Amino acid sequence: MSSTGAPKIAIDATGLKVSIVVTSWHEVITDGLLAGAERALKAAGNTDYKVIRVPGAFELPLGAQMAIKHGAEVVIALGVVIQGDTPHFDYVCDAATSGLTRVQLDSSVPIGFGLLTVANEQQALDRSGLQGSKEDKGAEAVEAAITMKRLSFK
């Protein structure tokens, strides 16, 4: 976690077809991430977005790819993986990160990376955007993806 916090990026999401792909595990945390993403989209002028629930982080890349095939111009990927006692954490985090990167590069559709990969539940809560959280990674994922969609090369 940054000691100074993430930069606040002004965005305009008006008119964009946005899909939020969110995992089903750790519902309190993912609901916080989703609420933060929705707040950021609404504040940026977009109230017409789709929410797609997938089972877990491993399914985020395919969920993102399917959203793009159904017209999404921007995808926000949200979830949490909490480290346990086995290497499962490493495999799932790597597969989700690599998969989302591949989908983004193959499609040229920006994907906001809001997958928390943390050592414990408290770290996830601190980043979830819930009341009392230090950070709002759902909103930050929206800001990053919309910024990438609106890049200009004039």
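The values are calculated or read from the model by the stated rules, or taken from the named source; none is laboratory data. Since the model is a prediction, treat every value here as computed from it, not as a measurement. Quick reminder, even Gly has a Cβ in these numbers, built from the backbone with ideal geometry, and neighbours come from all protein chains shown. Please note that ligands, DNA and RNA were not included when accessible areas were found on the heavy atoms of the full protein model with its side chains. Shrake-Rupley method; radii C 1.70, N 1.55, O 1.52, S 1.80 Å.
Every residue, every condition in (1) touching a residue at least 60 places away in the same chain (Cβ under 8 Å); (2) under 20 Å from Val142 (Cβ atoms), yes or no:
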residue: Pro7; (1), (2): no, yes
residue: Ala40; (1), (2): yes, yes
residue: Thr47; (1), (2): no, yes
residue: Val54; (1), (2): no, yes
residue: Phe89; (1), (2): no, no
Top-ranked residue of segment 55-78 - restricted to ones that are farther than 12 Å from Leu100 by Cβ and hydrophobic (A, V, I, L, M, F, W, C), ranked as surrounded by the fewest Cβ atoms within 10 Å (Cβ to Cβ): Met66
Candidate set: segment 96-144, residues that are over 18 Å from Phe58 (Cα atoms) and part of a strand (DSSP E or B); chosen: the one most open to solvent (accessible area, probe 1.4 Å): Asp136
Any strands (runs of 3 or more DSSP E) falling wholly within segment 1-95 and containing at least 2 residues that are at pLDDT below 95 and of a type in the set (Val, Ile, Thr): none
